[in-house]
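Undergrad: Here it is: the structure, laid out below.
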Amino acid sequence: MTRLAKTGFLIAALIIVADLGTKWLATVSLNYATPVEVLPFFNLTLLHNPGAAFSFLADAGGWQRWFFVILATAISGVLAVWVTKLRSDEIWLGTALCFVLGGAVGNLYDRIVHGYVVDFLHFHWAGYHFPAFNIADSFITVGAIMLAIDLFRGPRQQEQTE
């Protein structure tokens with residue numbers, strides 16, 4: 001395994017630990033669906049999401065739990081293999097993939113153990129509320145943005161000389 005892969009998997013593991021630790025803290029410290037104001041535009045609000053992003057399929061009757069478990073497991077496997085195949089100079093791509101991997105595994109754990117994902121970060125402004133999310137969701141989002149940037153950056157210098 002390359003040094004990049006080892007570092008990437010360490011990053012993913014740290015994301016998983018941070019995600020599960022903050023979800024645990026939210027679960028033991030907050031009352032369900034009761035906002036705790038931190039800033040005028042930010043609350044800590046414990047919520048359970050049986051669906052996907054923005055509660056997609058949350059009311060689907062239960063089958064979605066195992067659908068998302070299978071999907072997240074498959075995606076995580078593909079990402080892990082992809083990371084092991086990266087060249088040592090593909091640091092940006094490796095970081096992006098490991099951000100998504102760490103977040104996916106954090107939420108996968110919740111789905112398997114609880115049947116829902118624990119969310120608690122809740123932003124709002126002028127009466128508009130952004131759906132609650134968690135640390136895993138944050139890293140998945142940042143990783144996805146990094147992947148999009150990587151896609152549009154074009155070939156790196158090493159690739160151009162080959």
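Undergrad: Every residue in region 83-114 that is crowded, with 18+ Cβ neighbours inside 10 Å and among the hydrophobic types (A, V, I, L, M, F, W, C), please.
TA: Those that are crowded, with 18+ Cβ neighbours inside 10 Å and among the hydrophobic types (A, V, I, L, M, F, W, C): Val83, Leu93, Ala96, Leu97, Cys98, Phe99, Val100, Leu101, Ala104, Val105, Leu108.
Undergrad: Another question, then. Among the numbered criteria (1) over 16 Å from the mean Cα position of the chain (by Cα); (2) surrounded by 12 or more Cβ atoms within 10 Å (Cβ to Cβ); (3) of a type outside the set (D, E, K, R); (4) at pLDDT below 95, which single criterion is violated by Trp63?
TA: Of (1) over 16 Å from the mean Cα position of the chain (by Cα); (2) surrounded by 12 or more Cβ atoms within 10 Å (Cβ to Cβ); (3) of a type outside the set (D, E, K, R); (4) at pLDDT below 95, only one is false for Trp63: (2).
Undergrad: Which of the residues that make up region 23-43 are free of Cβ contacts under 8 Å to residues at least 24 places away in the same chain and either under 17 Å from Asp110 (Cβ atoms) or outside any strand (DSSP E or B) (or both)? Spell out the reasoning first.
TA: The first filter runs over region 23-43 and keeps only residues free of Cβ contacts under 8 Å to residues at least 24 places away in the same chain, leaving 24-25, 28-29, 31-34, 36-40.
Answer for region 23-43, where residues must be free of Cβ contacts under 8 Å to residues at least 24 places away in the same chain and either under 17 Å from Asp110 (Cβ atoms) or outside any strand (DSSP E or B) (or both): Trp24, Leu25, Val28, Ser29, Asn31, Tyr32, Ala33, Thr34, Pro40.
Undergrad: For the subset of region 144-162 comprising residues that are modelled with pLDDT of 95 or more and among the small types (Gly, Ala, Ser), which member is nearest to Gly103 (Cα to Cα)?
TA: Among them, the one singled out is Ala144.
Undergrad: Would you mind stating whether Leu71 is part of a helix (DSSP H, G or I) and in contact with a helix residue (DSSP H, G or I) (Cβ under 7 Å, 6 or more places away or on another chain)?
TA: Here the answer is no, as Leu71 does not meet what is asked.
Matching residues to (1) aliphatic (A, V, I, L, M); (2) in a helix (DSSP H, G or I):
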residue: Lys6; (1), (2): no, yes
residue: Ile11; (1), (2): yes, yes
residue: Gly21; (1), (2): no, yes
residue: Thr45; (1), (2): no, no
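Undergrad: It is to be established whether one or more residues within region 114-137 are in a helix (DSSP H, G or I), more than 12 Å from the chain's Cα centre (by Cα) and more than 14 Å from Ala12 (Cα to Cα).
TA: no
Undergrad: Select from region 117-143 the residues that are of a type in the set (Val, Ile, Thr) and surrounded by 20 or more Cβ atoms within 10 Å (Cβ to Cβ) and write down the one among them that is modelled with the lowest pLDDT.
TA: The selected residue is Val117.
Undergrad: Which of (1) free of Cβ contacts under 8 Å to residues at least 24 places away in the same chain; (2) within 22 Å of Asn31 (Cα to Cα) does Arg111 not meet, given it meets every other one?
TA: Unmet for Arg111, out of (1) free of Cβ contacts under 8 Å to residues at least 24 places away in the same chain; (2) within 22 Å of Asn31 (Cα to Cα): (1).
The values are calculated or read from the model by the stated rules, or taken from the named source; none is laboratory data. Please read these numbers as outputs of a predicted model, since none were measured by experiment. With ideal geometry, Cβ positions are generated from the backbone for all residues, glycine too; neighbour counts draw on all protein chains shown.
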